[in-house]
């Protein structure tokens, strides 16, 4: 079969690979719609997870089941399915402990384009199909549903990590697709003043549509100073980091109140250390909690999130700024994600 792959750090290209093997609990799926991710960019061009050779890229897909193992109960060939980016081993001890995304080791629930070939192939393997696939409901657009694979659950997990409560003042740093979903999730969770940090006009517009009350433009001055001015020196109750780098934690720590929480879902692709300002962290005693986590995956998560689309509470189609048709467009879509033109939020490829 054909796939678009990471050939090595800084190199990508089309390759031929064997049809994937599958076990009694697994499934083989062919993609219907896929989307490249900034994580793919970090992986290839920053070498964020180390060297990978001839590994098919991609971890965001809606697809059609082609084959299932003999012990798969709930799915059959021909089913249209949402495939989460994180596909844990549900019988692992880590899953039983409540951290399925780390089943088999830290971040090991993230298998596609990390430990095994991803979804940018003519076919791909899904482990533990009954636990990791979700039926795409009739009437739900496949392209919009691809955002449920990663963008929605990652942004929403930032909201969970920050533990946003009714009436909280919240700042979301970074309003790319994950940050926009964090804005939407914070609004659903009951944030009051909701500050979104970003500058691109299309992202700013959509952030407001998802519930942002104020836009903090980092090009117009220090974001901490802007937050402090808007909050009359008090700071915010919660911060979600969905963009930036290792230095962004400095700004987040400064703007959050004592007793507040910072939830990070930003993939830190480079830098050896995260920086936390000592004094603003209360010399280690400020009760400013910093939590960082990989999104939960699995079937239940997908089934719950898709109901938000069905009930009209969440419209992910707003993220889809660039649409391509045809398997051969994978490369063009990925390069678009790498180059990030100003009008880009998220590209989608309809197979």
Exercise. When the helix-only estimate is applied to the chain (DSSP H runs of n ≥ 4, each -39,500 (n - 2.57), divided by the residue count), what is the mean residue ellipticity at 222 nm, nearest 500 deg cm²/dmol?
Worked result: -7000 deg cm²/dmol
Seminar exercise, completed: Against the 2.2 N^0.38 Å rule of thumb, the C-alpha Rg of the range 148-219 sits at a ratio of 0.97
For this session: Please build a GNM for the chain, connecting alpha carbons under 10 Å apart, and tell me which residue among 103, 270, 149 fluctuates the most.
Result: 270
Exercise. How much length is gained on full extension from residue 291 to residue 21, taking 0.36 nm per residue of separation minus their Cα-Cα distance?
Worked result: 93.5 nm
Exercise. Mind ordering 179-187, 65-73, 294-302, 248-256 by average Cβ neighbours within 10 Å, highest first?
Worked result: 179-187, 248-256, 294-302, 65-73
Seminar exercise, completed: Taking alpha-carbon centroids only, the range 1-61 lies from the range 78-102 a number of Å equal to 19
Problem set entry | Computed over the range 154-292, Kirkwood Rh from alpha-carbon pairs, angstrom | 14.3
For this session: Pop the C-beta distance of residue 64 and residue 93 into the FRET formula with R0 = 25 Å and round what comes out to the nearest 0.05.
Result: 0.15
For this session: Looking at the chain, send over the antiparallel percent of its DSSP beta bridges, to the nearest 5.
Result: 50
Problem set entry | Mean Cβ neighbour count within 10 Å, used as a protection proxy, ranking 31-39, 93-101 highest first | 31-39, 93-101
Problem set entry | Angstrom value of the Kirkwood radius, inverse mean 1/r, which spans all Cα pairs in the range 251-323 | 15.7
Exercise. Under a plain spin-label model, where a point goes 7 Å from the Cα along Cα-to-Cβ, how far apart in nm are residue 246 and residue 338?
Worked result: 2.4
Problem set entry | the chain: angle of helix 177-189 to the longest principal axis, Cα-based, in degrees nearest 10 | 70
For this session: Would you please put 240-246, 57-63, 314-320 in order of how densely packed they are, using the mean number of other Cβ atoms within 10 angstrom per residue and starting with the highest?
Result: 57-63, 240-246, 314-320
Problem set entry | Contact order relative to length of the range 234-324, as percent, for alpha carbon pairs under 8 angstrom and 6 or more apart | 25
Problem set entry | Within a Gaussian network of the chain (alpha carbon springs, distance under 10 Å), most fluctuating of 118, 282, 174 | 282
Problem set entry | Full-extension gain in nm, residue 192 to residue 225, via 0.36 nm per residue minus C-alpha separation | 9.9 nm
Problem set entry | Dimensions (Å) - the range 6-151, Cα atoms, principal axes, largest first | 40, 34, 29
Exercise. Cα centroids of the range 259-331 and the range 191-205: how far apart, whole angstrom?
Worked result: 15
Problem set entry | Cα gyration tensor of the chain - equivalent ellipsoid semi-axes, whole Å, descending | 34, 20, 20
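Bear in mind these aren't lab numbers, they're just calculated from the coordinates by the rules spelled out. Worth saying up front: this structure is predicted, and the values here are computed from it rather than measured. Note: ideal-geometry Cβ built from the backbone for every residue, glycine included; neighbour counts use all protein chains shown.
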